[in-house]
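Structure, as structure tokens:
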Amino acid sequence: MDSSALTVSLTDTVQLRLVRPEDGASFVEAQERSREQLVPYEPRRPAEWYDAGFHAERFAGLLEKDNLVPWVLAEEDRVIGTATLSNIVHGAWRNGDIGYWVDVAETGRGLATAALEAVCRLADEVLLLHRIAASTNHDNLRSQRVLEKCGFEQYGFARNYLHINGQWRDSNLYHRILNEREPGEPPA
């Protein structure tokens, strides 16, 4: 698929675009800045997580996957967040799972909301999905507000759902129905 079909301007200076292997160093800088903020909401990270070369290889591998779309929020060439649509299934289900974060230095600008809205639009119009699912730690109220602002509704609760920061954590489950079209039918 043409990467330009999956690129969206979120603001005058911030783009949602596919990740590039050369984003590794900038991604690591953003992760380092946001490390303390992310600890309660992410798995424990090995030392290699903070290595630009590791991410250059990881990003190249992600771009080869058929069931995943890895975006970055980029201000010029500086990574300030990510949004990843994973576990994409076509056929009768036409579903994907979204995960996202924004650099702690960039919060409060509405970028998570803008990115999530853009991903929903691309998932509907370009990827022809029907539904996007998301989960948040049960106590992650900020992420839950972003999901709700973007039209996601909570449909469940999962006890001990993800292993986060060294322990099994409960999650709230959300989804957004994107359309009521027949599977794979393009928008009118």
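The values are calculated or read from the model by the stated rules, or taken from the named source; none is laboratory data. Because the structure is predicted, anything quoted here is derived from the model rather than measured. Cβ sites come from the backbone with ideal geometry, for glycine too, and all protein chains shown count toward neighbours. Note: accessible area is taken over every heavy atom of the protein model, side chains too, but ligands, DNA and RNA are not part of it. Shrake-Rupley method; radii C 1.70, N 1.55, O 1.52, S 1.80 Å.
If I ask for residues that are part of a strand (DSSP E or B) and not charged (D, E, K, R), which ones from the range 62-78 would you list?
Kept after step one, since they are part of a strand (DSSP E or B), are these residues of the range 62-78: 69-75, 78.
Selection gives Val69, Pro70, Trp71, Val72, Leu73, Ala74.
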TODO: Could you please find all residues in the range 138-188 being in contact with a strand residue (DSSP E or B) (Cβ under 7 Å, 6 or more places away or on another chain), closer than 23 Å to Ala112 by Cα and of a type in the set (Lys, Arg)?
DONE: Arg169, Arg176
TODO: State whether one or more residues within the range 154-163 are farther than 23 Å from Leu38 by Cβ, small (Gly, Ala, Ser) and modelled with pLDDT under 95.
DONE: no
Open item on the list: Where the second residue is open to solvent by 80 Å² or more (accessible area, probe 1.4 Å) and not aromatic (Phe, Trp, Tyr) and the first is under 15 Å from Gly81 (Cβ atoms) and lies in the range 1-12, which pairs have Cβ atoms under 8 Å and are six or more apart or on separate chains?
Closed with: Val8/Arg121; Thr11/Arg109
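Listed here are the residues, each with its yes/no results for (1) within 20 Å of Ser34 (Cα to Cα); (2) of a type in the set (D, E, K, R).
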| site | (1), (2) |
| --- | --- |
| Trp93 | no, no |
| Asp103 | yes, yes |
| Ala115 | yes, no |
| Glu125 | no, yes |
| Leu129 | no, no |
| Leu147 | no, no |
Open item on the list: Give all pairs with beta carbons closer than 6 Å in which a residue from the range 43-65 that is without any contact (Cβ under 8 Å) to a residue 24 or more places away in the chain meets a residue that is surrounded by 12 or more Cβ atoms within 10 Å (Cβ to Cβ); count only pairs at least 6 apart in sequence or on separate chains.
Closed with: Glu48/Phe54; Tyr50/Val28
Open item on the list: Tell me the residue from Gly151, Gly99 that is at pLDDT 95 or above, open to solvent by 30 Å² or more (accessible area, probe 1.4 Å) and over 29 Å from Ala188 (Cβ atoms), please.
Closed with: Gly99
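Restricted to the range 66-95, and to residues that are modelled with pLDDT of 95 or more and charged (D, E, K, R), which residue is most open to solvent (accessible area, probe 1.4 Å)?
Here is the first cut: in the range 66-95, the ones modelled with pLDDT of 95 or more are 67-75, 78-89, 94-95.
This time we only want the ones that are charged (D, E, K, R), so: 75, 78, 94.
Values: Glu75: 37, Arg78: 85, Arg94: 28 Å².
The extreme case among them is Arg78.
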Open item on the list: I need a count of the residues in the range 16-53 that are outside any loop (DSSP other than H, G, I, E, B) and open to solvent by 70 Å² or more (accessible area, probe 1.4 Å).
Closed with: 9
Open item on the list: Quick check on my filter: what residues within the range 168-188 are in a loop (DSSP other than H, G, I, E, B), crowded, with 16+ Cβ neighbours inside 10 Å and in contact with a Lys or Arg (Cβ under 8 Å, 6 or more places away or on another chain)?
Closed with: Leu178
Open item on the list: Filter the range 59-118 down to the residues that are of a type in the set (Val, Ile, Thr) and more than 13 Å from the chain's Cα centre (by Cα) and list them by number.
Closed with: Val79, Val89, Val104, Thr107
